[in-house]
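Here's the structure we're looking at; comments come further down.
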C-alpha cells in the first residue's frame with residue numbers, strides 16, 4: 001500500500017467517525033433537548049401538551065401548598081403570568097416563597113408536572129434564566145440583582 | 001502591610017514575566033546563550049514572587065484581616081482553620097491566584113529540571129509559558145485583584161458559601177488546577193517546536209511525563225469533584241453533565257488522546273503534526289474551561305461572581321492564545337517532516353483509533369456544552385442539554401472505544417495481526433460473555449443494557465490481564481521465567497494495563513449505580529422504619545448540635561441488616577446564620593463497594609421528617625477506578641525511559657523483545 005492509500009484510509013475512517021458522531025448529535029438534539037420558557041411564554045406560545053419544558057421565575061408568595069406523600073403545589077411567576085406546578089419529592093434547601101426557581105417537567109393542561117425543581121446554590125445569586133425571564137416581563141430591578149460579591153464598598 | 005506586599009510581589013512577577021516572555025526568544029534568535037539562560041532565573045523568581053503573593057493572601061485569611069475586601073466577602077472569624085486556608089481559593093480572585101501559582105510552579109520546574117533540553121527549545125518553552133503567565137497576571141491585577149482594601153474594616157466577614165465549607169474545597173480545586181495548568185507545558189512545548197520548526201521523537205519523550213503528570217492530577221481532580229458533588233448535593237448523583245463538569249472533562253479527553261498519540265510519536269516518529277495539534281487543543285480546552293467557569297457565562301456553584309469585564313478579558317486571552325497558536329500551527333506545521341509508515345492494522349492504527357474516538361467524544365461534549373450558549377446568543381432561545389443528550393452521543397462512542405481498547409496493546413507496531421490478537425483475547429471474550437450471562441441470570445430482564453455493560457467492563461479488565469500474561473509468558477513456561485519477564489517489563493506496560501483496568505472498574509461502578517440503584521423518598525415519624533434493598537432504617541429522632549459557625553439538626557437512624565444493627569447513620573442539616581443558608585449533610589454507609597445514602601428534606605409540621613434514601617450498589621468502584629487509573633499513570637510516569645537523561649534502556653538486547661507483544 002502506498003503512503004497515499006494509507007492516508008486515504010485514515011482520512012476516510014476519520015470522516016466516518018465524525019459522520020457517526022454528527023448523526024448521534026443530531027438525533028440526540030431532536031429527542032433530548034428541553035426549551036426554557038418564562039411563565040408568560042407558556043401563556044403566549046402554544047406549546048403542545050405533554051412537551052417537556054423548563055420554566056423559571058419566582059415562587060409566588062402564598063402559593064405553596066404541601067400535601068400528603070411529599071406532594072407539593074406552587075406557582076411560578078414572572079410578575080405578569082403565573083404557572084401552577086405540581087411536584088412530588090423533596091424540594092431543594094433554598095426553595096422559598098418569593099425566591100427564584102427553575103422547574104422541569106411535562107406541560108399538562110396549563111400546569112407543569114415537574115420531576116425536577118432547582119433553586120439557587122447561594123442566597124446571593126439568582127438563576128440567570130430567572131433573571132432574564134423577569135427582565136423580559138419588566139419586573140427586574142437592576143439594583144437588587146447586582147449584589148454580587150467581590151467589589152469593595 | 002502584608003496584603004500590599006502580596007500585591008507588590010505579583011506586580012514584580014509580572015515584570016519578570018514580561019522580561020522572560022521576550023529575552024529568551026531574542027536569545028534563541030541571536031544564539032545568545034546568556035539571554036537564553038536568563039529564563040531559568042526569571043522562571044524561578046516568578047514562582048518565588050507568586051508564592052509570596054499567595055502566602056500573603058493566605059496570611060490575610062488565617063488572621064481574618066477583614067480590611068481586605070476579598071477576605072471580608074469570603075471568610076468568617078469563626079470558621080475552622082482548614083476552611084480559612086481553603087477559602088483562599090474558594091472565590092474568584094483567590095482561585096485565579098492559585099491558577100498562576102501553579103502555572104509559575106510548572107515554569108519553575110521546567111527551568112529546574114530541564115537541564116538536558118536543547119537550549120533553544122528550553123528558551124522557547126519558558127518564553128511561551130511566560131506569555132500565558134503574563135496574560136493571567138494582568139487579568140488578576142486589572143480585573144480581579146484579591147488584595148483590595150476596604151475603606152473601613154468591618155468587624156466580621158460575610159462567611160464562605162456554606163456549600164464550599166467542606167474538606168472537598170481543600171483538595172478538589174488544587175488537583176484540578178494542577179491538571180488544567182499542567183497541560184500548559186505541553187502547549188508551550190508544542191509552540192516552541194513550531195517556532196523552532198523542528199520536532200523529533202525526543203520532543204515527545206520530554207512532553208510525555210509533563211502530560212502524564214497533568215493527566216494524573218486532572219483524573220484525580222475530576223473524580224474528587226464528582227465524589228464531592230455526590231455527597232454534598234443530596235441527590236446521590238455522581239455526574240450531572242453540568243457545563244462546569246464538562247469543562248473539566250473536555251481537557252481530560254483531549255489530554256488522554258495526547259498521552260496516546262505522544263506514544264506513537266516517541267516510539268515510531270509518526271503523527272507529529274497531529275500530536276502538536278492535540279497539545280494545542282488540550283490546553284485550549286483548559287482555557288475554555290477557565291473561561292466558562294470564571295466568566296459568569298454559566299451559573300453554578302463554581303461561578304463566584306459575574307463581572308462582564310472579566311468575561312471580556314478572559315475572552316481576549318482565549319482568542320489570543322487559541323487563535324494565535326492555531327494560526328502558528330497552520331503556518332509552521334507543513335514544515336514538520338512526516339514520520340514512519342504503518343499498516344491499517346497495527347499498534348499505531350489502534351492508537352489513531354483511540355485518538356479519533358476520544359477527540360470525537362470530546363467534540364460531542366463540546367457541542368452539548370456550547371450549543372445552548374451559542375443558540376441563546378444568536379436566537380435568544382434558551383435550551384438545556386442534559387444527561388439524555390450525552391448518554392446518546394458520548395455513550396456509544398465510549399462503548400466503541402472501550403471495546404477496541406484491549407486490542408491496542410496486543411497489536412504489534414507497524415503491522416499487526418488482528419486475527420492473532422483476537423485469538424489471544426479469546427479468554428477475555430469468554431470472561432466478558434460469562435459476565436453477561438451471569439448478570440442476566442442474577443438480575444433477570446430489568447435493565448437490558450446493564451449486562452452488556454458489565455460484559456464490556458469484564459472484557460476490558462480481562463484484556464489488560466491477558467496483555468500482561470502474554471508479555472510475561474504466564475502459563476506457557478516455568479513460573480520463574482514469567483517472574484523474570486515481569487520484572488523486566490517496562491513500567492509503562494504495567495501502567496497501560498493498570499490504567500485500562502481502572503477505566504473498566506469505573507465503568508462497572510457507573511453501571512451498578514445507574515442500573516441497580518434503588519431509592520425511597522418519603523416522610524417518617526420518629527420510631528418508624530423504612531426498608532430498602534435488605535436494610536431497615538429506624539428513625540430514632542432529631543437532635544440539635546452546634547458547630548463552630550452553624551447550628552445543625554442531626555437525625556439519627558439505626559441501620560439493621562437482617563434484624564442485626566450494623567450502624568448508625570446521622571444525616572444533618574446545617575444552618576449558617578451568617579448567610580441564612582442551609583446545607584445538607586448526607587450520611588453515607590459503605591457496604592462492600594455499595595453505599596447506603598441518606599439525606600434529609602424538610603421537617604413537616606406534624607413532626608415527620610422527609611428523607612431521601614438510596615442504595616447504590618458498586619458506586620464506590622467509580623472513584624476506585626479513577627484511583628486505579630491514576631496509579632497506572634503513576635507507573636508509566638516512573639518508567640525510567642521517560643526520565644530524560646537516564647541511560648538508554650536497550651543496554652542488552654534481552655529487554656528489547658518485551659517492547660513487542662510476545663509472540
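Data table
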quantity	calculated
Theoretical FRET efficiency, 1/(1+(r/R0)^6), r = Cβ-Cβ of residue B:479 and residue B:433, R0 22 Å, to 0.05	0.20
Virtual spin-label span in nm between residue B:341 and residue B:530, 7 Å along Cα→Cβ	6.7
Principal axis box of the protein assembly as shown, alpha-carbon based, largest edge first, Å	80, 69, 54
Pair residue B:387, residue A:80: separation of 7 Å Cα→Cβ label points (nm)	3.5
Stretch gain in nm, segment residue B:422-residue B:566, where the contour uses 0.36 nm per residue and the Cα spacing is subtracted	47.1 nm
Two-site FRET efficiency, residue B:11 against residue A:96, from Cβ-Cβ distance with R₀ of 51 Å, rounded to 0.05	0.70
The range B:27-43 and the range B:137-196: distance between their alpha carbon centers, rounded to Å	29
Counting all C-alpha pairs of the range B:518-616, share separated by more than 15 Å (%)	60
Per-residue mean of C-beta atoms belonging to partner chains within 10 Å, peptide B:161-174	1
Paramagnetic label zone (point 7 Å from Cα along Cα-to-C-beta, residue B:119; backbone N under 20 Å) in the range B:20-55	B:20-44
Whole-angstrom gap from the range A:94-121 to the range B:496-521, using each part's C-alpha centre	31
Packing rank of B:479-488, A:105-114, where each peptide gets the mean count of other beta carbons within 10 Å, highest leading	A:105-114, B:479-488
Computed Rg/Rh of chain B, alpha carbon atoms with Kirkwood Rh	0.99
Principal axis box of the range B:172-231, alpha-carbon based, largest edge first, Å	49, 17, 12
Partner chain coverage, peptide A:89-96 - average Cβ within 10 angstrom	6
At R0 = 30 Å, FRET efficiency that the Cβ-Cβ distance of residue A:5 and residue B:327 yields, to 0.05	0.45
With 5 Å bins from 0: P(r) over the range B:1-165, alpha-carbon pairs, percent	2, 10, 19, 19, 15, 11, 9, 7, 5, 3, 1, 0
Pairs of Cα atoms farther than 18 Å apart, the range B:33-110, %	46
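Every read-out reported here was derived from the displayed coordinates using simple, explicitly stated rules and does not represent laboratory data. Computed from a predicted model, the values in this text were never measured in an experiment. Virtual Cβ from ideal backbone geometry, glycine too; neighbours counted across all protein chains shown.
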